[in-house]
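What follows is a short report on a single structure.
Any read-out appearing in this document is the output of simple, stated calculations on the displayed coordinates, not a laboratory observation. On a predicted model such as this, the values are computed, not experimentally measured, just so you know. Note that we place each Cβ from the backbone using ideal geometry, even for glycine, and neighbour counts take in every protein chain shown.
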Amino acid sequence: MAEAAVDTARQPRVDAVEPARPVRRRRNYSVKRLPGFGAVAIFTFVMLYFPIIILVAFSFNAGVSQATWEGFSLQWYEAAFQNRQVRDVSIRSLWLAATAASLATVLATLAALATTRTSRFPGQTMIYALINQPLMVPEVVTGIALLIFVAAIKVQTGYTGMGYLVAAHTAFCIPFAYLPIRARLETMDITLEKAAADLYASPVQAFRYITLPLLVPGIVAGFMLGFVISLDTVVITEFVKSAGQDTLPTYMLGQLRRTVTPEMNAIATLFLALSLMIVTAFFLITRKRGA
């Protein structure tokens, strides 16, 4: 008995093993789980797109009412096409937007290359801030400043042509074109440009055959953004334009001050279709290039 007690004392003590607690898996945070997220999302989309749907629908209204549907008709589109003033301001708006966006894209591309493909230098951050400053300044402040500046030049030179609108729209569109181009440059693999330099390519050749093809999606995005911004600008155009230089937004604003007709809805619908075509073309181009 004594030996058995000694052997029992020598054996290691085995404690009762507690059952393992189930491990709770931590769910990844998702904004979709927030209370009321679905309702807020639906409300936001309704507020954004329902007015546009109403505008498009009533552009086909047979009557002049903006609240009562009187039948389907294309008469307001026909009236818009037959309105010579509408045609003139539309052509002027498209020409101005294309010209200003093209100039702004070229200047923004040069600025983006200068701030991303060079070694850091004193004042680089300040240059970046100055390029993007028009995004922070209220548009009315920019419009008043341009009005004072342009008025002084008009007095000294007597020139009152479209050059002022082109210059003003170009300056206003540069930061909008600069952002996607700079973002594209920052995500590009610089080793390809270094490899071209190692193969004795000149800077111009490296830019033409390596940088520029890879930069095309950013340039297209910058041009598209500048084109839409220029086409939509009302405040700056109102302050800078001379007599007889109305663009489509300023013409529509003047007409809406008098009376609202479905003809304005038809014009707005046509430019909405143009914007959708531009966005679709850009999507197809970037998707094809794998950007």
Rounded to two decimals, what is the ratio between the C-alpha radius of gyration of the chain and 2.2 N^0.38 Å?
1.63
Note on the chain: helices (DSSP H) long enough, at least 24 Å by alpha carbon along their axis, and hydrophobic enough, mean Kyte-Doolittle at least -1.0, are 37-58, 84-116, 139-157, 163-187, 212-232, 262-289
222 nm [θ] for the chain, helices only, -39500 (n - 2.57) per DSSP H run of 4+, per residue, to 500?
-23500 deg cm²/dmol
With a 10 Å Cβ neighbour count serving as the proxy for reagent exposure, in which order, fewest first, do Ser65, Ser93, Ser275 appear?
Ser65, Ser275, Ser93
Taking 0.36 nm per residue of separation between Ala114 and Ser202 and subtracting their Cα-Cα distance, the length gained on full extension comes to 30.0 nm
What is the sum of charges around Tyr164, taking Lys and Arg as +1, Asp and Glu as -1, for the other residues whose C-beta is under 13 Å from the C-beta of Tyr164?
+1
Quick one: net charge around Pro262, please, counting Lys, Arg +1 and Asp, Glu -1 for every other residue with C-beta under 13 Å from its C-beta.
-3
Of the GluC sites (Glu not before Pro) in the stretch 67-142, which ones lie in a loop per DSSP and count no more than 14 other C-beta atoms within 10 Å?
Glu70
Exposure proxy check on Lys32, Lys154: fewest-to-most Cβ neighbours within 10 Å is Lys32, Lys154
Ranked by GNM mean-square fluctuation in the chain (Cα springs under 10 Å), the top entry among Val234, Val64, Val137 is Val137
As an exercise, use a Förster radius of 30 Å and the Cβ-Cβ distance of Leu284 and Leu192 to find the FRET efficiency, rounded to the nearest 0.05.
0.75
Classify the stretch 34-73 as rounded, prolate or oblate, taking a ≥ b ≥ c as the square roots of the eigenvalues of its Cα gyration tensor: rounded when a/c is under 1.5, otherwise prolate if a/b is larger than b/c and oblate if not.
prolate
Note down the net charge around Met224, summing +1 for each Lys or Arg and -1 for each Asp or Glu among other residues with Cβ under 14 Å from its Cβ.
0
Sequence of Met126, Met224, Met162 once ranked by neighbouring C-beta atoms within 10 Å, starting from the fewest:
Met126, Met162, Met224
Hey, can you rank 260-268, 175-183 by average C-beta count inside 10 Å, highest first?
175-183, 260-268
